[in-house]
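Trainee: A single structure is presented below for examination.
The values are calculated or read from the model by the stated rules, or taken from the named source; none is laboratory data. Predicted model, so just to flag it, every value in this text is computed and none were measured. When we count neighbours, we look across all protein chains shown, and the Cβ atoms used for this are built from the backbone with ideal geometry, even at glycine. What goes into the accessible areas is simple: the full protein's heavy atoms, side chains included, and nothing from ligands, DNA or RNA. Shrake-Rupley method; radii C 1.70, N 1.55, O 1.52, S 1.80 Å.
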Amino acid sequence: MFLDESGVSLLPQIRRTYSPRGRTPLLRHRLNWKRASMAGALGYHPTDPDRGARLCFHLKPGSYDTATLIEVLEQMKAFYRGERVVLVWDGLSAHWSRAMRAWVAGQDWLTLERLPAYAPELNPVELLWSSLKKRELANLAGDHLADVADATEQGIHRINDNPQLPWSFLAHTGLTIHPQHPPNLRKISRAALRSRRRRTSRRQRQWFRPVRPRSESAGLGTARTAEPVRSGPCSAPTS
């Protein structure tokens, strides 16, 4: 499972849009810095490829700290109903604080893994945020945080209703959950291996028989060599 946090505010997310020629679109919004934070988690089953991805979403005013993240993980524990989960997230200080590590030490269902530093492109949740901010939150000038929250939930429902989108987010990172199995190699006995070598050797002798050059006396003692070897079955040169 991959988890990440992001923020939204009443300031609109400026994106390209359509407008009549010669009329630049204008966004009128309140100069308000109220912010809300959202946490999203995408879960993929490692052994069952037919099982769909699981999407968890949490939204709250303000920002996340260790205590609020533990509350989010408690809700995920109830969501996964005792299944073992490997959680992959970045190196945010709240993710690896003493309180967080002490709480995780008492959770036998949860294992933490850390993403490499400065590698947000390896987290598929980043693509989820990008999808939201390019669609539902694009050029949204809301009067209240509730307007932004409603638009965000609509985007979450859109992604959740499309089972291919979470997998496309994962594919875009270049990571794979289901490893490819190696080809089924047949075990060859020693006797079969020796027989195969004999057949190969016999075939090579048949197709690549060397031709030894020979000299023949002709006229005043001049020597004539054999014709060059042709590709395919070899034959003795003709005089």
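Trainee: Of all the residues that make up the range 39-56, how many are modelled with pLDDT under 95 and either acidic (Asp, Glu) or touching an Asp or Glu at 6+ places or on another chain (Cβ under 8 Å) (or both)?
Mentor: 2
Trainee: Does Gln154 meet the test of being at pLDDT below 85 and of a type in the set (S, T, N, Q)? Reasoning before the result, please.
Mentor: Numbers: at pLDDT below 85: no; of a type in the set (S, T, N, Q): yes.
No; evaluated as a whole, the condition is false for this residue.
Trainee: For Ala171, are the conditions met, namely being in a helix (DSSP H, G or I), at pLDDT 95 or above, closer than 29 Å to Arg84 by Cβ and out of contact with any strand residue (DSSP E or B) (no Cβ under 7 Å at 6 or more places or on another chain)?
Mentor: Considered against the rule, which asks whether it is in a helix (DSSP H, G or I), at pLDDT 95 or above, closer than 29 Å to Arg84 by Cβ and out of contact with any strand residue (DSSP E or B) (no Cβ under 7 Å at 6 or more places or on another chain), Ala171 comes out as no.
Trainee: Can you tell me which residue among Arg30, Arg16, Arg21 is in a loop (DSSP other than H, G, I, E, B), touching a residue at least 60 places away in the same chain (Cβ under 8 Å) and either charged (D, E, K, R) or touching an Asp or Glu at 6+ places or on another chain (Cβ under 8 Å) (or both)? Talk me through it step by step, then tell me what you get.
Mentor: On the way: Arg16 fails: touching a residue at least 60 places away in the same chain (Cβ under 8 Å); Arg21 fails: touching a residue at least 60 places away in the same chain (Cβ under 8 Å).
Of Arg30, Arg16, Arg21, the one residue that is in a loop (DSSP other than H, G, I, E, B), touching a residue at least 60 places away in the same chain (Cβ under 8 Å) and either charged (D, E, K, R) or touching an Asp or Glu at 6+ places or on another chain (Cβ under 8 Å) (or both) is Arg30.
Trainee: If you take the residues of the range 33-45 that are out of contact with any helix residue (DSSP H, G or I) (no Cβ under 6 Å at 6 or more places or on another chain) and not in a strand (DSSP E or B), which of them is farthest from Leu165 (Cα to Cα)? First the steps, then the outcome.
Mentor: So the first thing to find is which residues in the range 33-45 are out of contact with any helix residue (DSSP H, G or I) (no Cβ under 6 Å at 6 or more places or on another chain), and the list is 33, 35, 37-38, 41, 43-45.
With not in a strand (DSSP E or B) added as a condition, the list becomes 33, 44-45.
Details: Trp33: 31, Tyr44: 13, His45: 15 Å.
Result: Trp33.
Trainee: Is it the case, given these coordinates, that Arg15 is of a type outside the set (A, V, I, L, M), closer than 25 Å to Gln154 by Cα and open to solvent by 80 Å² or more (accessible area, probe 1.4 Å)?
Mentor: Numbers: of a type outside the set (A, V, I, L, M): yes; closer than 25 Å to Gln154 by Cα: yes; open to solvent by 80 Å² or more (accessible area, probe 1.4 Å): yes.
Against the criterion (of a type outside the set (A, V, I, L, M), closer than 25 Å to Gln154 by Cα and open to solvent by 80 Å² or more (accessible area, probe 1.4 Å)), Arg15 qualifies.
Trainee: Something else: Only one residue in Gly7, Gly22 is exposed (fewer than 15 other Cβ atoms within 10 Å of the Cβ), at positive phi and not hydrophobic (A, V, I, L, M, F, W, C). Which one? Steps first, please.
Mentor: Details: Gly7 fails: at positive phi.
Result: Gly22 is the single residue among Gly7, Gly22 that is exposed (fewer than 15 other Cβ atoms within 10 Å of the Cβ), at positive phi and not hydrophobic (A, V, I, L, M, F, W, C).
Trainee: What pairs can you find where one residue is in the range 168-182 and farther than 17 Å from Leu128 by Cα, the other is modelled with pLDDT under 95 and loosely packed, with under 13 Cβ neighbours inside 10 Å, and their Cβ atoms are less than 6 Å apart, with a gap of 6+ or different chains?
Mentor: Ile177/Pro46; His178/Pro49
Trainee: Then there's this: Could you check how many residues of the range 49-68 are over 19 Å from Ile156 (Cβ atoms), open to solvent by less than 60 Å² (accessible area, probe 1.4 Å) and either in contact (Cβ under 8 Å) with a residue 60 or more places away in the chain or in a loop (DSSP other than H, G, I, E, B) (or both)?
Mentor: The qualifying residues number 2.
Trainee: Please tell me if Arg28 is basic (Lys, Arg) and touching a Lys or Arg at 6+ places or on another chain (Cβ under 7 Å).
Mentor: Here the answer is no, as Arg28 does not meet what is asked.
Trainee: Could you list, in sequence order, the residues of the range 142-159 that are assigned to a loop (DSSP other than H, G, I, E, B) and within 17 Å of Gly7 (Cβ to Cβ)?
Mentor: Gly142, His144
Trainee: Right, another one. All but one of (1) modelled with pLDDT of 90 or more; (2) within 30 Å of His29 (Cα to Cα); (3) surrounded by fewer than 17 Cβ atoms within 10 Å (Cβ to Cβ) hold for Asp143, so report the exception by its number.
Mentor: (1)
Trainee: From the list Trp89, Trp103, Trp96, which residue is more than 22 Å from Ser6 (Cβ to Cβ) and surrounded by 12 or more Cβ atoms within 10 Å (Cβ to Cβ)? Let's see the steps before the verdict.
Mentor: Values: Trp89 fails: more than 22 Å from Ser6 (Cβ to Cβ); Trp96 fails: more than 22 Å from Ser6 (Cβ to Cβ).
Testing whether each residue is more than 22 Å from Ser6 (Cβ to Cβ) and surrounded by 12 or more Cβ atoms within 10 Å (Cβ to Cβ) leaves just Trp103.
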